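Following: one structure in structure tokens, then a few remarks.
Laboratory data are not the source of any read-out in this text; all were calculated from the coordinates shown. All values reported here derive from a predicted model rather than from experimental measurement. Reconstructed Cβ throughout: ideal geometry from the backbone, glycine too, with neighbour counts over all protein chains shown.
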Amino acid sequence: MVSRIREVMMKKIWRIPLFLLTIISLIISIIIAAVTYTPRVPSTTPVVFGTGHLIDGYHVAYGKDLEARWTAQKFWLHSDGKFLIDLQCGYISEDPRVSKIYFSQDNTSTVEVDFEYVGSVILLVVTATYRDESFGDFGHEDLTDIIPIVANSVNSRLCFATYEEKFDLPSKKKGMSLYGIELKISWIRVFREKNDGELYYQWMQGDSDVWGGEELEVDKTYNNFSGGFLVYYPIPKNMTSPVPLNFNYAKWIRENM
């Protein structure tokens with residue numbers, strides 16, 4: 001009887017460490033999995049380059065006869081959030097000789113100005129587009145702040161900008177699926193009035209057809225593909241307004257160019 005009791009007690013004593021060891025091993029496995037797991041953009045996610053809606057839209061007047069183009073000499077976007085853009089921007093039309101200020105559909109002010117070219121700035125934003133799985137509605141989430149880049153100007157019509165960085169990976173949203181990634185671009189040509197030194201800003205926003213044109217792929221490198229800009233007439237500094245995300249581009253340009 002005594003030997004039986006001793007045998008039962010020994011079994012219970014040995015079971016406790018084994019149980020604890022199993023729990024500890026499980027906890028360690030979970031921690032390792034959490035540390036080593038890296039969220040990624042699915043490789044099947046389409047990427048659209050050169051879209052618009054990144055502009056000071058209050059007073060700019062569209063010039064339907066003005067033309068400019070961009071060329072991505074190299075571009076890639078990785079599933080871990082890194083991206084690289086090597087961009088060339090070319091202005092095709094004659095340099096503007098007037099400033100046009102939009103007030104309403106029936107009220108646009110035109111003023112002749114003696115411009116001299118100062119330089120160019122490129123703005124970028126990476127955005128995730130989501131689609132409601134039930135109703136098909138679209139939603140958006142900016143994965144970066146507005147990224148301003150002082151371009152290297154060859155002359156008033158041609159400039160280059162290279163940028164490599166990492167964006168925040170798209171978050172999971174209940175009832176929404178990731179539809180794609182957009183890279184919005186805008187080009188601002190900066191002019192100075194020769195007489196009084198006032199700065200003027202000529203906006204151009206990407207003109208790609210969102211989800212209607214060629215879609216790129218994640219984790220692939222692309223070279224020498226092009227698109228157009230929607231081109232606007234220059235506006236003076238006193239008519240500027242912060243662009244989305246409250247970015248005061250006129251202040252940034254004055255401080256960084």
Sequence of Met176, Met204 once ranked by neighbouring C-beta atoms within 10 Å, starting from the fewest: Met176, Met204
Size of charge dipole - region 46-256 - debye, nearest 20, with Cβ of Lys, Arg +1 and Asp, Glu -1, no other charges: 260 debye
Between Asp80 and Glu112, what is the FRET efficiency for a Förster distance of 41 Å, r being their Cβ-Cβ separation, to the nearest 0.05? 0.20
